[in-house]
1. Which entries of A:Lys269/B:Lys241; A:Lys310/B:Lys241; A:Lys210/A:Lys314; B:Lys16/B:Lys87; B:Lys2/B:Lys54 have Cα-Cα distances beyond 21 Å here?
2. Suppose the chain between A:Val167 and A:Thr122 were pulled fully straight at 0.36 nm per residue; how much longer would it get relative to their current alpha carbon spacing?
3. In what sequence, highest mean first, do A:126-135, B:100-109, B:31-40, B:197-206 appear when ranked by Cβ atoms within 10 angstrom?
4. Determine ³J(HN,Hα), in whole Hz, for all residues of the stretch A:167-177 in sequence, where each value follows from phi through the Karplus function 6.51 cos²θ - 1.76 cosθ + 1.60 and θ = phi - 60°; x replaces Gly and Pro.
5. Express the accessible area of the stretch B:2-245 per residue in Å², computed with a 1.4 Å probe while the remaining protein chains stay in the model.
6. Please report, largest first and rounded to whole Å, the three semi-axes of the ellipsoid equivalent to the stretch A:195-310, where each semi-axis is the square root of five times an eigenvalue of the C-alpha gyration tensor.
7. For B:Ser203, enumerate residues with amide H under 5 Å from its amide H, sequence gap 5+ or separate chain, H modeled in the peptide plane.
8. Could you state the number of Å between the C-alpha centres of the stretch A:233-258 and the stretch A:1-45?
Amino acid sequence: MASLVIAEHDNASLKDATHKTVTAAAQVSTPVHVLVAGENCAAVAEAAARIAGVEKVLLADAPSYARQLAEPMEALLLSITDKYDAILAPATTTGKNILPRVAARLDVGQISEILKVISPDTFERPIYAGNAIETLRAPEGKKVITIRITAFAAAGEGGRATIEQIVAASDAGHSKFAGEALSKSERPELTSAKVVISGGRGLGSAENFKLLDSIADKLHAAVGASRAAVDAGYVPNDYQVGQTGKAVAPDLYIAVGISGAIQHLAGMKDSRKIVAINKDEEAPIFQVADYGLVGDLFKIIPELDEELSKRGYK
Amino acid sequence: MKVLVPVKRVIDYNVKVRVKADQSGVDLANVKMSMNPFDEIAVEEAVRLKEKGKATEVVIVSIGPQQASETIRTALAMGGDRGILVKTDQMVEPLAVAKILKAIVDAEQPGFVITGKQAIDDDANQVGQMLAALLGWPQGTFAHSLELADGSARITREIDGGLQTIEVKLPAVMTTDLRLNEPRYASLPNIMKAKKKPIEEKSPADLGVDITPRFKVLKISEPPKRNSGVKVSGVPELLDKLKADGVI
């Protein structure tokens, strides 16, 4: 039949997570269709139509989809899932919020956060904070899947999919959007940045956490954090890297003042190169670090900043 | 209003998991088990609602082997009123868990269900959403804060870009994120008191739910190993190496 990808977007721009989900979808069932549900999101649909390998874009443009709340999205998806044998979304907070509802209503299990498509019915996914990898085979019937976006390459551009408007499904109206407080940043997104610099409890305060900013600017890095730093209020929740926060896999991950709890390692150990800066040479983070620097981060960070300047990083 | 809190007995979050050599699973023999940390947060939130007079009764439910009753006891010691153990030694997939919970909700008629956003063993992050869908209820997942009013709940959620606030009509399902609260430790007198609180036992069959697994687990394997690298002497050496690796 075909697979359906739920587009990740903010009504203005299409997120890279969609391109990665298209890659996974093409390995499960073709052709690949993309659902863009939102409000005033025609530009997003046009961007989705340009993804290589996408045959058709379904555009549901209505006020009820402006925030992609789970309940109206469930109703919309159930009105179109007949035509698909696989429904996929990125394992973002949006995808994770919506898709289990759809799976339950279709009476199928969901396969969460897959790392690999072994065959159209067999998948690998992490369990126990990534300390074990489960290979499982799905039964006949529809497959409902979320994908770990760092595990798939983004589908390229160059597609010329048709765009079909679809009508909104009726929704009971049990939920409504009441506000948001989004972190504003000029930096790259954590989950797609090539370089990530993260801070932990060792930074000691919200004020000190800003020491990482100058280095992040020079390396065009995203800034992340351990759970301890978020719990302590140094940075907002969306900085959290780990088992239950965001999974990242940049070319370079710099962990500053992070001891390396299992739960944190789960979110970053697939990074290509890992640097750990910590005063405790026994800290578990050094067991996964390619390069370890033992010492006082309050001396090392300014020195790193200065040395980067000297070498021409601005 | 009655609040239902599903809790799961899982491997303790401090334990380093070992995969069995025959790839049939992970080694759980003699391993410390605890309440799923997100479910502890759910219990705490429900107990606080009761303390504030917004909940009348907190019912704890767990699905698992006989030992899951210990997990229920822990929740009762934190302030839950009574427990329901749905006893099975089988692995229960999230969809079946949601169906069992739906049957319990149908019988108990709570006005609010609070549970953890995910269990730290299978990391599925599905049950709360599935339960809400099966009941036709709205949901507030990944909750960061909660304000309960008459007939509705205002839930602020931890989302990828920051925080989002939604309003849902009750009854509803809420799943907890880490910042919702800091769970209390049960005091010794409360642990003693919890021993006298009732725990009712049921089986999935009593509730009319088929828990036969849908998926076939082919193997459980070790993730790719990372070798620990080298200690560098200082910042210049570090940057030289990163440059040579082509990552800066």
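1. Listed pairs above 21 Å: B:Lys16/B:Lys87.
2. On the way: separation 45, 0.36 × 45 = 16.20 nm, distance 3.37 nm.
Difference between extended and current length: 12.8 nm.
3. On the way: A:126-135: 22.6, B:100-109: 18.1, B:31-40: 20.8, B:197-206: 13.9.
Highest mean packing first, the order is A:126-135, B:31-40, B:100-109, B:197-206.
4. 7, 5, 8, 6, 9, 5, x, 7, 9, 8, 6
5. Values: 10600 Å² over 244 residues.
Counting only protein heavy atoms, the per-residue value for the stretch B:2-245 is 43 Å².
6. Working: eigenvalues 67, 48, 41 Å².
Largest first, the stretch A:195-310 gives 18, 16, 14 Å.
7. B:Lys87
8. The distance from the Cα centre of the stretch A:1-45 to that of the stretch A:233-258 comes to 26 Å.
The values are calculated or read from the model by the stated rules, or taken from the named source; none is laboratory data. As the structure is a computational prediction, the values presented were derived from the model and not from experiment. Every residue, glycine as well, gets a Cβ built from its backbone with ideal geometry; the counts of neighbours run over all protein chains shown. Surface accessibility is based on the protein's heavy atoms, side chains included, excluding ligands, DNA and RNA. Shrake-Rupley method; radii C 1.70, N 1.55, O 1.52, S 1.80 Å.
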